[in-house]
Structures are given as C-alpha cells and as structure tokens.
1. Where in the range B:153-235 are there strands (runs of 3 or more DSSP E), lying fully within it, with 3 or more residues that are touching a residue at least 60 places away in the same chain (Cβ under 8 Å) and within 28 Å of B:THR313 (Cβ to Cβ)?
2. Which one of the conditions (1) within 7 Å of chain B (Cβ to nearest Cβ); (2) modelled with pLDDT of 90 or more does A:LEU35 fail to meet, given that it meets all the rest?
3. Among the residues that make up the range A:35-57, is at least one of them over 22 Å from B:PRO306 (Cβ atoms) and open to solvent by 70 Å² or more (accessible area, probe 1.4 Å)?
4. Residue under question is A:ALA12, and the condition is that it be part of a loop (DSSP other than H, G, I, E, B), within 7 Å of chain B (Cβ to nearest Cβ), of a type outside the set (Asp, Glu) and out of contact with any His (no Cβ under 6 Å at 6 or more places or on another chain); does it hold?
5. Kindly establish whether B:GLU302 is within 9 Å of another protein chain (Cβ to nearest Cβ) and surrounded by fewer than 21 Cβ atoms within 10 Å (Cβ to Cβ).
6. Mind counting the residues in the range B:404-442 that are farther than 15 Å from B:SER153 by Cβ, within 13 Å of chain A (Cβ to nearest Cβ) and either open to solvent by 10 Å² or more (accessible area, probe 1.4 Å) or not small (Gly, Ala, Ser) (or both)?
7. Among residues belonging to the range B:236-292 that are within 14 Å of another protein chain (Cβ to nearest Cβ) and touching a residue at least 60 places away in the same chain (Cβ under 8 Å), point out the one that is least open to solvent (accessible area, probe 1.4 Å).
8. Keeping to the range B:348-364, report how many residues are open to solvent by 20 Å² or more (accessible area, probe 1.4 Å) and among the aromatic types (Phe, Trp, Tyr).
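The values are calculated or read from the model by the stated rules, or taken from the named source; none is laboratory data. Predicted model, so just to flag it, every value in this text is computed and none were measured. We place every Cβ from the backbone using ideal geometry, glycine too, and count neighbours over all the protein chains shown. Surface accessibility is based on the protein's heavy atoms, side chains included, excluding ligands, DNA and RNA. Shrake-Rupley method; radii C 1.70, N 1.55, O 1.52, S 1.80 Å.
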Amino acid sequence: MAISREDVIYVAGLARLELNEQEIQDYTQQLNSILDYAAMLEHLDTEGVVPTAHAVPLHNVLREDEVKPSISHDKTLRNAPDAEEGFFRVPRISLT
Amino acid sequence: MIFEKSISELHELLAHKEVSAAELTNAYLERIRDLDQDLQAYLTVLEEDAQKLASEIDQKIARGEELGALEGIPMAMKDNMCTEGVRTTCASQILREFYPPYDATVTTRLRDAGSILLGKLNMDEFAMGSSTENSAYMKTRNPWNLDCVPGGSSGGAAVSVAADLAAFSLGSDTGGSIRQPAAFCGVVGLKPTYGAVSRFGLIAYASSLDQIGPLTKTVRDNALVMNAIAGYDAMDSTSVRYDKPDYTKFLINDIKGLKIGLPREYFGEGIDPEVAKGIQKCVETLRGLGAEVSECSLPHTEYAIPAYYLIATAEASSNLARYDGVRYGYRAEASDVLGMFRKTRAEGFGQEVKRRIMLGTYALSSGYYDAYYLKAQKVRTLIKQDFDQAFEKFDVLLGPAAPTPAFKFGEKSNPLTMYLSDITTVPINLAGIPAISIPAGFVNGLPIGMQLMGKPFNEGTLYRVAYTFEQTTNYHTLKPNLSGEVLARGSR
C-alpha cells in the first residue's frame, strides 16, 4: 500500500477538498491501485535523463511593458458569488 | 440533406445563393431540436444569436461581397472554450453559472472568419475522461449505437459532427480527447502540434499537454478550419511563431514514395485484434497507393500511461486550485474562508476531477515529487526521443486511434481501466507532435479510426496521407441511422 488512509486525509487538506467517509475509502483504494500501476516506472533506468516539462523547448517570452485595455471592474465582478463596493466578499478569514 | 454536406460544399451553395445562411442555420437548429434530446451533444444552444449572425452574413452575400471559406458555416464548440457572455461550464457544477468576460482566441478567430456559433458542447468535466460520462449534466450518446459512449472528453464535439448537428466543431485534446471520440463516432479529428493553436481562453486541464483542434466530416474541411484557427497568438505564452502554411495546399492525392512506419506497440497487446486487423487493411490500401510501409518500434510506449497520468494530474491539481468560490463559479456557505474553500470544491467538483486533484497533489507533495512527478518527466523525455528517432526514418507513423471501438455506458467504471484505454493517444501529447484520426472502417457496426502521427508542425503531411486515403475509400461518407424508430428504441 503506497497510500494510507491518513495520507489521503492529509492530501485532501493540501488540495482544499472536504471528503466524506465514502470518498476517503474509495480514494485510498483507487489511488493505491493507480500508484501500483505507476510503479512500473521505477523499473525504467532514467539515470542522466533530462526531464521534459514542455514538448516544445520554451524560452522566456518577453515583451515591452505597455499599458493595454483590460476587462473592466464591473465586468470582472459580474461572475463573483458575492461582491460589495467593488470588492470580492468572502467569509471571515481569521477567528480573532 | 443539406446538413450532411461538407464545409466546402456548403460554401459553394452559399456563394451561389442556392441557400441562404439563415436557411442553413435554421436547418441545423431544427435538426438539433429533433435529435438532441436523444443524443445530448449540446449543453447550450444559441438559437437567436445564431440566427442574427446568419442574417448579417446574408446581407453581406446580398451586397455581393466575397465570402470566406468558413463564412456562414454553422459550427459548435466544446464547452471549455470561453465565449463572451455565453455560459461556459466545462461540464462542471462549479462553473454552472460562469459567463466568461472575454472570448478565447479560437472563438475570436472563428467569429472573424464569419462562422456561426450554434452552441456549446458536452464533455467530460474539465476534459477529464474518455467517455463523456463524467459530465456533471448529461450523458452524450454515440449516434452509431445509442447504448455506447461517444468517447471523450470531446464527446459532444464528435457527436455534433457525426450526427450532422453542426458542420464542424472544435474540441480539445490533452491525452486523446479529440482523436478517440473522432474514432468512436467516425469523423476526422486533428490534434495539432503543441503551440500551433492558441490556448488563450481554453479552460486549463494540463497546460503542457492541452491543445485545441477541429473535428470535421472531411479532411479538406479539417484543413479549412486549421487555416482559420492556427497561428501565433501573443496572448498565449506557449504559442509558437512558425511559418503557418495554407493547409489546403497539402490536399494532394498522391503518397508515392512516402515512408510510413507502423509502431509494433500499436498493434500488439491491449489492442482489440479486430481493430488491429481493420487498420492493417487500411495499411494495405496505402501500400497499394505507393506508400513505403515498414514496421518500427516506440519502445517506451507502455510507460506512457503512468507518465501521462502523473504529469496531467499534477498540472491539473495546480490549475484547478483557482476554483475557490471567490471570483467566479459556485460557492458553498461556510462560516470561515478555509471551510468555504473546502466545501465549495467538495460540492462543485465531480468524482473523477477530485480523484485527479488528489493524485496530482500527492505526486507533487513533499517527499514524493522526485519519485513520481520528476520521474514521469524523465520518462516523457524517453517517449519524445522514441518519436524523434522514428521520424529520422519515417514521414508518418500509423496506428489505431483507439484500442477498441466505442464501449458501452458503465463498462469502464474502474478508473484505472478507463485510463488504460488511452494507450494509443497519450504518447502523442507527451511528445507534443500532431496526430489525426480519420474514419477507417467498422468493427461490429461501430466506426474505427486510423491515427496518423507526424513531425512537429508537419500537419500538412498528415493531411496529405489522410486526403489520399479518403479519396480512395468511402468510410467518411457513411452515416449513422438516426430515424425516429432507432432513437425511440435507444431511449427506452
């Protein structure tokens, strides 16, 4: 077993996901089965192989820092679940 | 019937005033009303907008202005491409009420080309899946057999073209999501080279793998759509500056002397023998047309699935962190902000999306990064090198687009079983090369697709082989039976 029940709960915390008991059980079992399969990669010798992050070699993409039109304040807030006086409104952030 | 025609045929009819853009658009809208309650390809239909655009095109035709290749042509887009003011859900509850404040570059380019957007198409939630069963809203059905899936994640995009609910569509392909549904539904689907088509406004799944491409009825149509959507875009920093050709110049009915490689890994274990046999038959056709065909090997193919699922989910876990219930999308009520994040994401995402976020977060987490994510990136290098070496000897590689024909709903309920069905498509995304699936016959009454893989930015050679094959075969002209009785039987 690569992943324990505690691992699943810990990773769900990192991913900001609330899981119910059924999900904890399912994901523990399913992630183990997927990672068992992925273990075949261990048998492949990759000593000295350079990792590929992007298929097309990327270089820094730079441009002049020019002011261009952007999406208006109103339009930006139109999709917000809760907005007030031009701000995104969220539940309280700290207890104090 | 008019809705069965190709883009090039429709263009001639419009240009010669044999049909108006309004009539054409209404013909599609009517067909959507007739069939889509059974097929469920569309999440959103834009009746009024489409009619308005069509009448503008008709005024242009009346003024005698020259008509562009896609002008007045009704089409549809997968619901992960942003359309300003038009609901874009990614087939997720978390974006149920998302109205993008801007257009994706492909949306802008098709609008500029005068295409008429009929609506937005169903898909696996966040493009995660191979059957469109992961949509939070509905199951799209395969028009060739209503008990079968259309493939995925661009299932709606493939069905809209196969069932003539649009003249063409756009899909996106992260691990096969254009080519596999194109194969399952019997249409032409291209995954362009990474960087050839702008991803600006495409809702991200795995950014180093995602690519938008056309699904069409013919190879010529595919080249016409690529002419409109491909090319450098400053809004996408991974967009590549390349010499964009007129893709229709490659529609040459001649492949004499062209070197085609058959990777033996694409015909062996895990591939339905009937599918392999069907593709071999196509190979004989190409050989008869003068292609020089021989076997080759892509030795790291079997490692592609684990490498892909580690890289794609790692990127997804990062990309999907933005869905936090603050700026857009669904928000669950909670007394503090952390609780709100956790509940919003728990309620807003479906099971497969959560599973992939979990896998990706784990693969990136401290202590496991080297063993999983970094290892997968190194394997990605080996897979890319396999292709580089093969392309020293061959112009094109050929294999099936999917290991089986379309499967039944619920048949692959185990996540790993579903992942394994992507074996013939994910290596291509890892390598960033272009590949096309074209209709290549039938197995048990279901279409199969032949996949052609090419060198980076060499879509032209793929079109040439695909076009030559198409001119010699009639698979692309065959249509599913969608009479009332068939639909009634399927709905029961």
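1. B:168-172, B:188-191
2. Just one mismatch for A:LEU35, condition (1).
3. Scanning the range A:35-57, I find at least one residue that is over 22 Å from B:PRO306 (Cβ atoms) and open to solvent by 70 Å² or more (accessible area, probe 1.4 Å), so the answer is yes.
4. no
5. yes
6. 11
7. It comes out as B:ASP236.
8. Of the residues in that region, 0 qualify.
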